[in-house]
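Report on the following structure.
Just so it is clear, none of the values below were taken in a lab; they were calculated from the coordinates. Everything quoted here is computed from the prediction, not taken from an experiment. Neighbour counts are summed over all protein chains in view; Cβ atoms, including those assigned to glycine, are modelled from backbone coordinates with ideal geometry.
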Amino acid sequence: MVKVSARAPTLPYNASPKPVEKRRFNIALGLPQFHLKKPKFPLPRLPQLPRLPRAHTNWRIASVAFAILLAAMLVLAVQLPYFYAPSAYVFGNTRILSEEINNIIGVSGQNIFTVQPAELERRLRLNYPELLSAQVEVYLPNYVYVTVAERQPLIVWNQNGGYTWVDESGVAFRPRGDAAGLIQVNALDAPPPGIQTSDDPYSPPPFIQKDYVDSVLALAPLVPAGSTLTFSYADGFNWQDPRGWTAAFGTSSSDMALKIRVYQALVDSLIQRGTKPVYISVVYPDGPYYRLAEASLEETQEIVVENP
């Protein structure tokens, strides 16, 4: 008698199923076929050109020929008058004559290939402090263009029997011709030299401080007719008023507007009271004062004004 068990037989744990081999079938679908014939175009036959002989280049000969050609070009560039500048064309000058500039740079009759613009610019700036800038440009065959910008004078500074022009930055330069509207300043003492603040290596050091220039520009409209602005160490900028007193304002421009208001208020107050001073100082606007003449010309009375 055979025992029958309902339990399925167990397989090993690491047993893997056998791969099933795939089969490939090629089936003809029976589609209709189209057969196109390739068109034929007869092409004309071109005549066969003769072959050129193959040139065997000798690079040494080519190098020598190129060197000879380059030397010939250099000789022509040096000797032909076509490359020599007649004179420079000057633009932007109003007071300095073009002939003066040409005499300084000296390019007349010079070969254009030997002109050095940077050197000419340096030469112009060192010879003419009145130039703010100078630019030299060179173009073939023989053109040299010089463009300059001149300083504009604002002040005529008179000192020790001579005079000079001063621009807005305090730089002094020699006068050229006439300039209208300049402010006259008579200096009894030499001013302290200005401080160089420009990064331009060719800009000369200022003759006076820019603060002085600003003070002169602020005071110039107030100078009475017939009077001249004066500079001295003791009073700074001052003038002799036709009404009989000296008005002193100092040199600082930072509070010059306040000094002017204090001075005008003090003058109005003195005139209203019938007081005639010989000296009014607003060098320190928070402590202005005036002096009165006594019976003796050698004695004066100084009065400090609290609130003019």
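Key figures for this structure:
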{"read-out": "Amide proton proximity set for Val283, modelled H, under 5 Å, gap of 5+", "value": "none"}
{"read-out": "Segment 201-273 versus segment 105-144: alpha-carbon centroid distance in Å", "value": "43 Å"}
{"read-out": "Translational D in µm²/s for segment 155-304 (Stokes-Einstein at 10 °C, 1.306 mPa s, Kirkwood Rh from C-alpha pairs)", "value": "95 µm²/s"}
{"read-out": "Taking segment 155-304 and dividing mean pair separation by its residue count, relative contact order in percent (alpha carbons under 8 Å, at least six apart)", "value": "15 percent"}
{"read-out": "Sorted peptide list for 60-67, 178-185, criterion being average Cβ within 10 angstrom, highest first", "value": "178-185, 60-67"}
{"read-out": "Potential extension, Ser227-Ala190 segment - 0.36 nm per residue separation minus Cα distance", "value": "11.3 nm"}
{"read-out": "Nonlocal amide H pairs with Gln110, under 5 Å, H built at 1.01 Å", "value": "Ala85"}
{"read-out": "Gyration tensor verdict on segment 122-226 (Cα atoms; rounded if a/c is under 1.5, prolate if a/b is larger than b/c, oblate otherwise)", "value": "prolate"}
{"read-out": "Distant-in-sequence amide H partners of Val171 (H built 1.01 Å from N, under 5 Å)", "value": "Phe207"}
